[in-house]
1. Scan the range 42-78 residue by residue and report those that are more than 12 Å from residue 14 (Cβ to Cβ) and among the aliphatic types (A, V, I, L, M).
2. Counting just the residues of the range 1-49 that are in contact with an Asp or Glu (Cβ under 8 Å, 6 or more places away or on another chain) and not in a strand (DSSP E or B), which one comes out most open to solvent (accessible area, probe 1.4 Å)?
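The values are calculated or read from the model by the stated rules, or taken from the named source; none is laboratory data. Not measured: the values here are computed from a predicted model. With ideal geometry, Cβ positions are generated from the backbone for all residues, glycine too; neighbour counts draw on all protein chains shown. Note: areas computed on protein heavy atoms with side chains; ligands, DNA, RNA excluded. Shrake-Rupley method; radii C 1.70, N 1.55, O 1.52, S 1.80 Å.
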Amino acid sequence: MNACQFIGRLTAEPELRHTPDGTAVLNFTLAVDRENVKDKTDFIRFVAWRKMAEFMDGYFHKGDRMGVRGNLQSRTYPDKDTGKNRTVYEVTAEKVYFADGKLPAYQAGSATAGAVDSGTVQEIDDGDDLPF
């Protein structure tokens, strides 16, 4: 099974591009702290496609805390300078979540909060009052 889950902060503004056929693709990186390891952060590369990419471009910004569920993939490309093959590992996002304590502006006071893209985006409440 290939499944990953991360919670972290966006290290930069997500970068929205389009393929030659017009498909939206968004690349972003999360700074993810390691559990039970002090002062150790990993920087994980992600890619989102189509409607999720377009949604994220409008509502997620540098410094936002978010959760991502997806699968790890590798791809190989030739290095421009050396011609040698390089391998890149990135997580293809399947679901994204708001993980900050405050609601984004589009959800504040909305009767349809969380209804964007039918289950693709949901809010995580990581309050300290959880029983586990």
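1. Across the range 42-78, the qualifying residues are 44, 72.
2. Only one residue tops the list, namely 34.
Here is a yes/no grid of residues against (1) part of a strand (DSSP E or B); (2) in contact with a Leu (Cβ under 8 Å, 6 or more places away or on another chain); (3) surrounded by 11 or more Cβ atoms within 10 Å (Cβ to Cβ); (4) modelled with pLDDT under 90:
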| site | (1), (2), (3), (4) |
| --- | --- |
| 62 | no, yes, yes, no |
| 72 | yes, no, yes, no |
| 80 | no, no, no, yes |
| 105 | no, no, no, yes |
| 110 | no, no, yes, yes |
